[in-house]
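Worksheet: one structure, shown below.
The numbers here are math on the coordinates, done by the rules we state, and not lab data. Everything numeric here is computed off the predicted structure, so don't read it as measured data. We place every Cβ from the backbone using ideal geometry, glycine too, and count neighbours over all the protein chains shown.
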Amino acid sequence: MIWLLSATPDSLGHPADSLRNIARTIVQDVTTTQGIDKLQNAAQSLIEHGISLGLRILAALAIFIIGRFAIRLVNHLIKRILNSRDIDPSVKSFLESFINVTLLVLLIIAVVSKLGIETTSFAALLASFGVAVGMALSGNLQNFAGGILILIFRPYTVDDYVNVQDVEGTVTSIQIFHTVIRTYKGTNVYIPNGQMSNALIKNYSKEPLRMVEWIVSVEYGEDIKKVEDTVSEVIKADSRIQTVPKPYVAVKELAESSVNITIRVWTEIVNYWGVYFDGNKRIYETFNEKGINFPFPQLTIHQGT
């Protein structure tokens, strides 16, 4: 190829002359001792940098693995300490979550520093994106503040049965950013603390008793006094129903196809669902025994003559 470039005739000043000169220079640099030394130095530098980078990566990986193991030990120790003391379960779950997040952040900083990224440069990089990061974290900061407000004003605590944002269940933990509610279906629902601190919350565990209500429909023409006596019989048969406050039975509504009877009783929180479902069964069976009929939708049509 060099011989062809040298042997090709061309006029002076043609671009091919410049290409031939460049090619000759490159070939001379590579084939001479000076060019070989340059290649060897470059290869040696590349190998050294590769080894250094590999060692830093291995060291950072070791720090991460050991750090995760150490965080687990610390979390376990903190949990044992908190459980051994008389601390509210809500505060326990919040502190555990807060300590875990803090340790993870410190671990990430240590790994980044070991990789050779200066923490000051890292902080400057974050600062350069301050507005974007602030907007991204504004929701989490609000959730953190909401968690603090929940712990201070205590609208609910761990193990309370609540209804919030159409989610009903038992509070299992109050974390640094979220409250975890376990529904009766066994599903864990994570609701941000910022929303929880501003939402309408129904807490059924704040009072020792909870009201159970049934709406029972009977046919038109049924003896209301007989219906009321039958309902009172059903209520008295369940020892879980409280006598104070007194059970309440009344005609709620004269509907299109039925007379609707409202039944309200009080029971302890833990007995609510048992009383409700057992009551449905007893009312149905007792009404059938007494000959009290349940209505079906009816439509009366008058034919003109």
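Please find the FRET efficiency linking Thr170 to Asp238, where r is the Cβ-Cβ separation and R0 is fixed at 25 Å, and quote it to the nearest 0.05.
0.55
Near Lys246, which lysines are there with a Cα under 28 Å away, not counting those fewer than 8 places off in the same chain?
Lys202, Lys206, Lys225, Lys226, Lys236, Lys281, Lys290
What's the long-distance tail for segment 209-290, i.e. % of Cα pairs beyond 18 Å?
38
Which FRET efficiency value, to the nearest 0.05, do you get for Leu209 and Leu53 by plugging their Cβ-Cβ distance into 1/(1 + (r/R0)^6) with R0 = 41 Å?
0.05
Taking every pair of alpha-carbon atoms in segment 142-247, give the share separated by more than 18 Å as a whole percent.
59
Provide the FRET efficiency to the nearest 0.05 for the Asn140-Ala110 pair, computing r from the beta carbons and using R0 = 25 Å.
Using R0 = 25 Å, I get an efficiency of 0.65.
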